[in-house]
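The values are calculated or read from the model by the stated rules, or taken from the named source; none is laboratory data. These numbers come from a predicted model, not from an experiment. Don't worry about glycine lacking a Cβ; one is built from the backbone with ideal geometry, like all the others, and counts go over all protein chains shown.
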Amino acid sequence: MRKSILLLLLFVVSIQVHAQEQSKGSPRIIILATGGTIAGSGESATKAAYTAGKVPIDDLLNAVPQIHNYGKISGEQIASIGSQDMNIATWLKLTKRINEIFAKDEADAVVVTHGTDTQEETAYFLDLTVMSDKPVVIVGAMRPSTAMSQDGNRNLLDAIVVAADPKSVGKGVLVAMNEKVFDARDVTKTSTTDLETFKSKNFGPVGLIYDGKVQYYYQSLRSPLKKFDVTKLNSLPQVEIIYGYADANPNSVYCVTNSGPKGVVYAGMGNGNFNAPVGKALAEAAKKGIIVCRSGRAGSGRITLDNEVKDAELGFVVSDDLNPQKARVLLMLSLTETSNRAKIQQNFFDY
Ligand code: GLU
């Protein structure tokens, strides 16, 4: 009897200590490393050439000892790739691990280190599939860790600051880059080499990071309340992107649509427009049951349903304000649940 009372007391005390540590600003944060320039290594401090994904997570952690002031930090290596090689298998591995971390209460927040090329796609994929409102923050770098004025250490510290802050709970997946915080749905890479590459062209950053603190200004209403459950999935339905341009040959559409995709995203001119032969090829694909989603190559703004293009007649859906690469992510996930065109269109307005 006395033994069980003692055990109960110990249990209560350990819960209190845990809660106090969290309120003292000592949250448990796991960094999941995937590679990219933030783990890139070059031959010299001044040359631009480097190989992405070379530096292991323990070296990254040791390079920024200040992160330990913000919580109990540990790291795991999920992949060591440049993000141009990011793939659906790694997305599924990553989101399953994050869901496991939160389900088993292994951490209060997760930071993902990632190459910048496809960072926005991974961020949106996680936004749609992580079943927790705890902070998940994705971070990268534009200069390799061996470069002069490298940005990775600062970005990593800032990502930890964001992940550790209780205000980051319930904001969906966030991207922390260059002293700014972005919503996963809205952010995009806008420059091949600038440090200031990440922007949310339609709505701006949701927060700013400075001097070890994050300040929030906006919150997206579109971070999904309902998530896609990928627990049992090992792959996603095939969805390809087709690019629009002046005098485009419809063979590019036929090539793709004859390769067996369940959906295609068309990165159209302006408000998702196409020339007549491409439009005919896309309409034929829609008739065959392929979900054809019109998006745009302009880089910002919405694709509007049934205005210049007769979407209902041609059997198309529109991406709303999602760029083509993010529209592909939502279309792949939507197709895991339904192939009903109206429902998929609604997803593009809801998510
Ligand atoms: N292409 C590499 C990648 O996306 C390096 C670019 C970067 O991380 O900035 O991982």
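The sole residue among Lys72, Lys96, Lys54, Lys104 that is at pLDDT below 85 and surrounded by fewer than 22 Cβ atoms within 10 Å (Cβ to Cβ) is Lys54.
A count restricted to region 149-161 and to residues that are in contact with a Pro (Cβ under 7 Å, 6 or more places away or on another chain) and crowded, with 24+ Cβ neighbours inside 10 Å stands at 0.
Across region 32-51, the qualifying residues are those that are among the β-branched types (Val, Ile, Thr) and either buried (at least 16 other Cβ atoms within 10 Å of the Cβ) or part of a helix (DSSP H, G or I) (or both), and the one among them that is nearest to the ligand (Cβ to nearest atom) is Thr37. Can you say whether Val64 is out of contact with any strand residue (DSSP E or B) (no Cβ under 8 Å at 6 or more places or on another chain) and away from the ligand (no atom under 15 Å from the Cβ), as far as the supplied structure shows? Answer is yes for this residue.
Scanning region 251-285 for residues that are crowded, with 19+ Cβ neighbours inside 10 Å and more than 27 Å from the chain's Cα centre (by Cα) yields a total of 7.
All of Thr46, Thr90 fail the test of being of a type in the set (S, T, N, Q) and either farther than 26 Å from Val130 by Cα or modelled with pLDDT under 95 (or both), apart from Thr46. Among the residues of region 129-139, are any within 12 Å of the ligand (Cβ to nearest atom) and either closer than 25 Å to Leu236 by Cα or out of contact with any Gly (no Cβ under 6 Å at 6 or more places or on another chain) (or both)? Yes - at least one qualifying residue is present in region 129-139. Scanning region 69-88 for residues that are under 19 Å from Leu236 (Cα atoms) and in a loop (DSSP other than H, G, I, E, B), we see that the one that is nearest to the ligand (Cβ to nearest atom) is Met86. Of the candidates Val175, Val110, the single residue that is closer than 17 Å to Gly36 by Cβ, within 15 Å of the ligand (Cβ to nearest atom) and crowded, with 22+ Cβ neighbours inside 10 Å is Val175. Among the conditions (1) in a helix (DSSP H, G or I); (2) of a type in the set (A, V, I, L, M, F, W, C); (3) surrounded by fewer than 20 Cβ atoms within 10 Å (Cβ to Cβ), Leu126 misses just one, which is (3).
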